[in-house]
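Colleague: Shown below is the structure under consideration.
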Amino acid sequence: MPATVLTAHALLLDMDGTLVNSDAVVERCWRRWAIEHGLDPEAALKVVHGRQGYATMAVLLPDRPMEENYADNRVMLAEETADVEGVVPIGGAPAFMAAIAELPHALVTSADSALATARMGAAALPMPAARVTAEQVGASKPDPEGFLKGAAELGFDAADCIVFEDSEAGIAAGRAAGMRVVGVGPRAAALAPDAHVADLTQVRVEAAEDGSIRLHIDEA
């Protein structure tokens, strides 16, 4: 199958499940939380990816006061930041990050700054100079706020940006921002992104002479 070619002027990158495989940590922490709150951990794990913790808690415990979700989220973030066992780069992420090092790109993650730093460090990936973390947004994905802020920080219109995402909430956020989306990994496969790859080994980056970025994608 010939490669799909997408052209953009900036790339907006989710972290967990897109650049970093942190599923082992996420599952450990959220299974524990779900059991403590009398919830089915398998059901909980279906909604945790892509959202900030408080937003996941609001979905799972809709009648609970939001103040309790924020409090639990602070505890959860501390636990996740301290636990980096099993955190590794997604396939192809080191080469992909090296290829875009001099091109406009930003990290847009539901993690806070400390967690993002811990996980990118554990995966030995460079932290983008431009980044939008949980502290900088008022609404979690699937709200588009984070991606719109990332585009604004880089100085590009939404239509000129391509999002890399793995989760339902993240892909919905990218679409709501008016951006094209490359879905990464198994969670993205059924969500009809503009292109889908199993991992980042299937993406080749080309810097065009006109300043644009061409992505050559061998779709999964």
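The values are calculated or read from the model by the stated rules, or taken from the named source; none is laboratory data. Quick caveat: nothing in here was measured; it's all calculated off a predicted structure. For neighbour counting, all protein chains shown are included, and Cβ atoms are generated from backbone atoms with ideal geometry for every residue, glycine included. Only protein heavy atoms, including side chains, enter the accessible area calculation; ligands, DNA and RNA are left aside. Shrake-Rupley method; radii C 1.70, N 1.55, O 1.52, S 1.80 Å.
Colleague: Could you tell me which residue of the range 81-99 is nearest to Met127 (Cα to Cα), considering only residues that are buried (at least 19 other Cβ atoms within 10 Å of the Cβ) and touching a Leu at 6+ places or on another chain (Cβ under 8 Å)?
Modeller: Only one residue tops the list, namely Met97.
Colleague: Is it the case that some residue within the range 129-148 is over 23 Å from Ala195 (Cβ atoms), over 12 Å from the mean Cα position of the chain (by Cα) and β-branched (Val, Ile, Thr)?
Modeller: Within the range 129-148, one or more residues are over 23 Å from Ala195 (Cβ atoms), over 12 Å from the mean Cα position of the chain (by Cα) and β-branched (Val, Ile, Thr).
Colleague: Could you grab me the full set of residues in the range 183-205 that are assigned to a strand (DSSP E or B) and open to solvent by less than 60 Å² (accessible area, probe 1.4 Å)?
Modeller: So in the range 183-205, the residues assigned to a strand (DSSP E or B) come out as 183-184, 195-197, 203-205.
Across the range 183-205, the qualifying residues are Gly183, Val184, Ala195, His196, Val197, Val203, Val205.
Colleague: Working only within the range 135-162, note down all residues that are of a type outside the set (D, E, K, R), under 12 Å from His105 (Cα atoms) and assigned to a helix (DSSP H, G or I).
Modeller: Scanning the range 135-162 gives Phe147, Gly150, Ala151, Ala152, Leu154.
Colleague: Restricting attention to the range 45-91, and to residues there that are assigned to a loop (DSSP other than H, G, I, E, B) and under 17 Å from Glu135 (Cα atoms), which single residue is modelled with the highest pLDDT? Talk me through it step by step, then tell me what you get.
Modeller: To start, the set of residues in the range 45-91 that are assigned to a loop (DSSP other than H, G, I, E, B) comprises 46-52, 61-65, 83-87, 90-91.
Next, from what is left, pick out any that are under 17 Å from Glu135 (Cα atoms): 50-52.
On the way: Gly50: 76, Arg51: 84, Gln52: 87.
In this case the residue turns out to be Gln52.
Colleague: In addition: Please go through (1) open to solvent by less than 40 Å² (accessible area, probe 1.4 Å); (2) under 20 Å from Gln202 (Cα atoms) for Thr7 and return the number of the only condition it doesn't satisfy.
Modeller: (1)
Colleague: Would you call Tyr54 surrounded by 19 or more Cβ atoms within 10 Å (Cβ to Cβ), hydroxyl-bearing (Ser, Thr, Tyr) and either touching a strand residue (DSSP E or B) at 6+ places or on another chain (Cβ under 6 Å) or in contact (Cβ under 8 Å) with a residue 12 or more places away in the chain (or both)?
Modeller: It is true that Tyr54 is surrounded by 19 or more Cβ atoms within 10 Å (Cβ to Cβ), hydroxyl-bearing (Ser, Thr, Tyr) and either touching a strand residue (DSSP E or B) at 6+ places or on another chain (Cβ under 6 Å) or in contact (Cβ under 8 Å) with a residue 12 or more places away in the chain (or both).
Colleague: Let me confirm something: among Phe156, Phe147, which residue is modelled with pLDDT of 95 or more and open to solvent by less than 20 Å² (accessible area, probe 1.4 Å)? Steps first, answer last, please.
Modeller: Values: Phe156 fails: open to solvent by less than 20 Å² (accessible area, probe 1.4 Å).
Of the residues listed, the single one that is modelled with pLDDT of 95 or more and open to solvent by less than 20 Å² (accessible area, probe 1.4 Å) is Phe147.
Colleague: Against the definition (modelled with pLDDT of 95 or more, of a type outside the set (S, T, N, Q) and closer than 27 Å to Ala172 by Cβ), how does Pro94 come out, yes or no? If you could, list the steps in order and put the result at the bottom.
Modeller: On the way: modelled with pLDDT of 95 or more: yes; of a type outside the set (S, T, N, Q): yes; closer than 27 Å to Ala172 by Cβ: no.
Here the answer is no, as Pro94 does not meet what is asked.
Colleague: Is there a residue in the range 91-105 that is free of Cβ contacts under 8 Å to residues at least 60 places away in the same chain and under 28 Å from Arg32 (Cα atoms)? Steps first, please.
Modeller: Taking the range 91-105 first, the residues free of Cβ contacts under 8 Å to residues at least 60 places away in the same chain are 94, 98, 101.
Next cut, under 28 Å from Arg32 (Cα atoms) only: none.
No, that holds for no residue.
Colleague: Same structure, new question: Residues being open to solvent by 50 Å² or more (accessible area, probe 1.4 Å) and either touching a strand residue (DSSP E or B) at 6+ places or on another chain (Cβ under 6 Å) or on the phi < 0 side of the Ramachandran plot (or both): count how many of those fall in the range 21-42. Walk me through it before giving the result.
Modeller: Of the range 21-42, the ones open to solvent by 50 Å² or more (accessible area, probe 1.4 Å) are 21, 27-28, 31-32, 35-38, 40, 42.
With either touching a strand residue (DSSP E or B) at 6+ places or on another chain (Cβ under 6 Å) or on the phi < 0 side of the Ramachandran plot (or both) added as a condition, the list becomes 21, 27-28, 31-32, 35-37, 40, 42.
Matching residues across the range 21-42 total 10.
Colleague: Check off (1) of a type in the set (Lys, Arg); (2) surrounded by fewer than 15 Cβ atoms within 10 Å (Cβ to Cβ); (3) in contact (Cβ under 8 Å) with a residue 24 or more places away in the chain for Arg74 and give me the number that stays unchecked.
Modeller: (3)
Colleague: Turning to a different aspect of this structure: Condition first: open to solvent by 40 Å² or more (accessible area, probe 1.4 Å) and not small (Gly, Ala, Ser). Now tell me which residues in the range 206-216 satisfy that. Please lay out each step first, then the result.
Modeller: We begin by selecting, within the range 206-216, every residue open to solvent by 40 Å² or more (accessible area, probe 1.4 Å); these are 206-207, 209-211, 214.
Answer for the range 206-216, where residues must be open to solvent by 40 Å² or more (accessible area, probe 1.4 Å) and not small (Gly, Ala, Ser): Glu206, Glu209, Asp210, Arg214.
Colleague: To continue, here is another question. Is it the case, given these coordinates, that Lys141 is of a type in the set (D, E, K, R) and either touching a helix residue (DSSP H, G or I) at 6+ places or on another chain (Cβ under 6 Å) or open to solvent by less than 60 Å² (accessible area, probe 1.4 Å) (or both)?
Modeller: When the stated conditions are applied, Lys141 passes them.
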